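Everything below concerns the one structure shown next.
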Amino acid sequence: MVFFNESGTFGQLISYINVNVTGSLFLTLLFIVIMLIMICALFRIPIEFSAIFILPLLIVITAYVGDFLAVGGVFLIFIGILIAKNLGFK
Amino acid sequence: MGNFTQAFLIVIGINVMLWLGQFAMLEVNPTATNFLDEKGNLFGKVDSGNYELNETDPYGMLPKGKSAIDPDTGNIFTDIFNSIKDWFADNTGARYLIAIISAPYNFLKAMHLPQEFVFVVGTMWYLVTILIGILMIWGRDT
């Protein structure tokens, strides 16, 4: 676990979830991303706005955890389609 | 805006985000997985090396005609047919547009998703885009 600060509050949260709940860093990070998307859905926020938070998180995670490439790549495709929709046509 | 143009815009948008995402990942961690190369996507056609566009010959992207048939080699009938087919593909730009049919399949393969999922999504895109292309040729694009 070299890419986040394990002594910080959220770093400890990720470490504890990793050790006590999921047992795998990939599942922990997937859990965090799913929670962010669910929060947007619960508060009736369009999923496009969740990209502001999720996209930087996914880029950093995918840079260090290669298994996350599928999730990060699919999300990048989703953002690409959003950009095309908003720039090109209604 | 026609359906084929919308499909093309979507593929371009996906290309942009995947490229930017890859550059961002490599900046954060230079040893990250390099999942996208220039094969099978539209950006490779305009890249003259080292992620630069060719500003001295932008017309290089326009369709070109095929060279003359060589009567000394091959069968004259199949050579004529191939020459006509290639002439249409090159001079109408169809060869360039056909690249968007295969683009999403190559993206999904590059991200190492399960082969069955990639096949199903890629097939859906192939069939829909080929249908749109045929409708566009026949002037039925809505």
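The values are calculated or read from the model by the stated rules, or taken from the named source; none is laboratory data. Quantities reported herein were computed from a predicted structural model and do not represent experimental measurements. When we count neighbours, we look across all protein chains shown, and the Cβ atoms used for this are built from the backbone with ideal geometry, even at glycine.
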### Task
Residues being part of a loop (DSSP other than H, G, I, E, B), modelled with pLDDT of 75 or more and hydrophobic (A, V, I, L, M, F, W, C): count how many of those fall in region B:1-52.
2
### Query
Taking the stated definitions as given, is residue A:87 surrounded by fewer than 18 Cβ atoms within 10 Å (Cβ to Cβ), at the interface with another protein chain (Cβ under 8 Å from one of its Cβ atoms) and either assigned to a helix (DSSP H, G or I) or out of contact with any Pro (no Cβ under 6 Å at 6 or more places or on another chain) (or both)?
yes
### Task
Could you please find all residues in region B:115-142 being under 16 Å from the mean Cα position of the chain (by Cα) and surrounded by fewer than 13 Cβ atoms within 10 Å (Cβ to Cβ)?
B:123, B:127, B:130
### Query
Are any residues in region B:1-28 in contact (Cβ under 8 Å) with a residue 24 or more places away in the chain, aromatic (Phe, Trp, Tyr) and closer than 20 Å to residue A:61 by Cα, and if so, which ones?
B:19
### Task
Being surrounded by 14 or more Cβ atoms within 10 Å (Cβ to Cβ) and not hydrophobic (A, V, I, L, M, F, W, C) is the filter here, so list the residues in region A:19-47 that pass it.
A:22, A:28
